[in-house]
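*Asks:* This is the structure, below, for whatever I ask next.
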Amino acid sequence: MNLKKSKIYKIISGPVWGSNPISIQMLGICSALAVTVQLKTAVVMGLSMTFVISFSSMIISLMRNIMPRNIRIIVELSVIASLVIITDEFLRAYFYDMSRQLSVFVGLIITNCIILGRAEAFALSNPPHLAFIDGIGNGIGYGSVLIIVAFFRELLGSGKFFGVKVIPESFYAAGYEDMGFMLLAPAAFIIIGLLVWLQNAVSEDKPDS
């Protein structure tokens with residue numbers, strides 16, 4: 001039982017820190033630049049990604065023994081595309097304004113190499129429950145970077161937190177100005193670069209077990 005718990009913990013925690021899909025594997029950076037101007041869009045994108053990657057990994061794992069190897073990529077993309085369509089339609093039905101803000105980026109989850117990469121690297125060689133957990137771990141790892149980047153971009157760029165103004169007016173009266181640069185894509189690159197540096201620095205300082 002302890003071995004199972006340890007394995008599950010490693011599957012979830014690995015993508016969050018040691019093998020984060022964005023800061024370590026450098027995957028999914030395009031969406032990290034596009035949807036992190038606001039925390040709301042970053043959270044919704046992270047949840048959407050987690051849903052798609054976890055369920056697609058589980059379904060592909062369930063099909064791994066009956067899926068012809070020569071058409072596996074087509075099957076995997078069909079599964080991923082179906083889940084992305086469900087996600088997009090759900091957002092359109094219940095969160096229309098958020099769906100408009102995310103524009104095409106939810107649809108572009110289909111082309112996100114993190115999802116197909118986990119399907120090929122993990123789901124095809126592991127049972128469904130572990131594939132599902134691996135998807136959740138990678139979704140959390142992806143979403144955590146988006147939220148961190150969006151937090152600094154929204155706070156420093158517009159003085160807001162989840163769309164609510166948090167910088168006191170007295171600061172502006174004293175000469176404080178929002179950093180408009182933080183609302184541009186290069187700012188996301190810089191923040192991600194700092195996260196990569198921090199992660200590498202902490203990993204190097206950590207003693208080998």
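*Asks:* Is one or more of the residues making up the range 60-77 surrounded by 21 or more Cβ atoms within 10 Å (Cβ to Cβ), among the aliphatic types (A, V, I, L, M) and touching a helix residue (DSSP H, G or I) at 6+ places or on another chain (Cβ under 6 Å)?
*Replies:* The answer is yes; a qualifying residue exists.
Residues checked against (1) closer than 17 Å to GLU120 by Cβ; (2) polar (S, T, N, Q); (3) at pLDDT 90 or above:
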position: SER19; (1), (2), (3): yes, yes, no
position: ALA42; (1), (2), (3): no, no, yes
position: ILE60; (1), (2), (3): yes, no, yes
position: ASN70; (1), (2), (3): yes, yes, no
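*Asks:* Here's a follow-up. Can ILE167 be described as surrounded by 15 or more Cβ atoms within 10 Å (Cβ to Cβ), over 18 Å from the mean Cα position of the chain (by Cα) and among the aliphatic types (A, V, I, L, M)?
*Replies:* yes
*Asks:* Which one is modelled with the highest pLDDT among residues in the range 170-206 that are assigned to a helix (DSSP H, G or I) and surrounded by fewer than 11 Cβ atoms within 10 Å (Cβ to Cβ)?
*Replies:* Across the range 170-206, the extreme among qualifying residues is PRO186.
*Asks:* Can you name the residue in the range 130-164 that is more than 18 Å from the chain's Cα centre (by Cα) and part of a helix (DSSP H, G or I) and, of all such residues, is nearest to LEU184 (Cα to Cα)?
*Replies:* GLY157
*Asks:* Right, next: Would you mind telling me which numbered condition in (1) modelled with pLDDT of 85 or more; (2) surrounded by 14 or more Cβ atoms within 10 Å (Cβ to Cβ) TYR94 fails?
*Replies:* Condition not satisfied by TYR94: (2).
*Asks:* If you scan the range 111-129, which residues turn out to be in a helix (DSSP H, G or I) and crowded, with 16+ Cβ neighbours inside 10 Å?
*Replies:* Within the range 111-129, ILE114, ILE115, LEU116, GLY117, ARG118, ALA119, ALA123, LEU124, PRO128 meet the criteria.
*Asks:* Mind checking whether some residue in the range 105-118 is over 18 Å from the mean Cα position of the chain (by Cα) and more than 24 Å from ARG153 (Cα to Cα)?
*Replies:* Among the residues of the range 105-118, not one is over 18 Å from the mean Cα position of the chain (by Cα) and more than 24 Å from ARG153 (Cα to Cα), which makes the answer no.
Matching residues to (1) within 29 Å of LEU83 (Cα to Cα); (2) of a type outside the set (Asp, Glu); (3) in contact with a Leu (Cβ under 6 Å, 6 or more places away or on another chain):
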residue: GLY139; (1), (2), (3): yes, yes, no
residue: TYR142; (1), (2), (3): yes, yes, no
residue: ALA150; (1), (2), (3): yes, yes, yes
residue: LYS160; (1), (2), (3): no, yes, no
residue: VAL164; (1), (2), (3): no, yes, no
residue: ASP178; (1), (2), (3): no, no, no
residue: PHE181; (1), (2), (3): no, yes, no
residue: ALA187; (1), (2), (3): no, yes, no
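*Asks:* Could you count how many residues in the range 22-42 are within 9 Å of the chain's Cα centre (by Cα) and among the β-branched types (Val, Ile, Thr)?
*Replies:* Number satisfying all stated conditions: 1.
*Asks:* Count, please, the residues in the range 164-203 that happen to be of a type in the set (Val, Ile, Thr) and more than 23 Å from SER19 (Cα to Cα).
*Replies:* The number of residues fulfilling the criteria is 3.
The values are calculated or read from the model by the stated rules, or taken from the named source; none is laboratory data. Note that the structure is predicted; figures quoted are calculated from it, not measured. Positions of Cβ are backbone-derived with ideal geometry, glycine not excepted, and every protein chain shown enters the neighbour counts.
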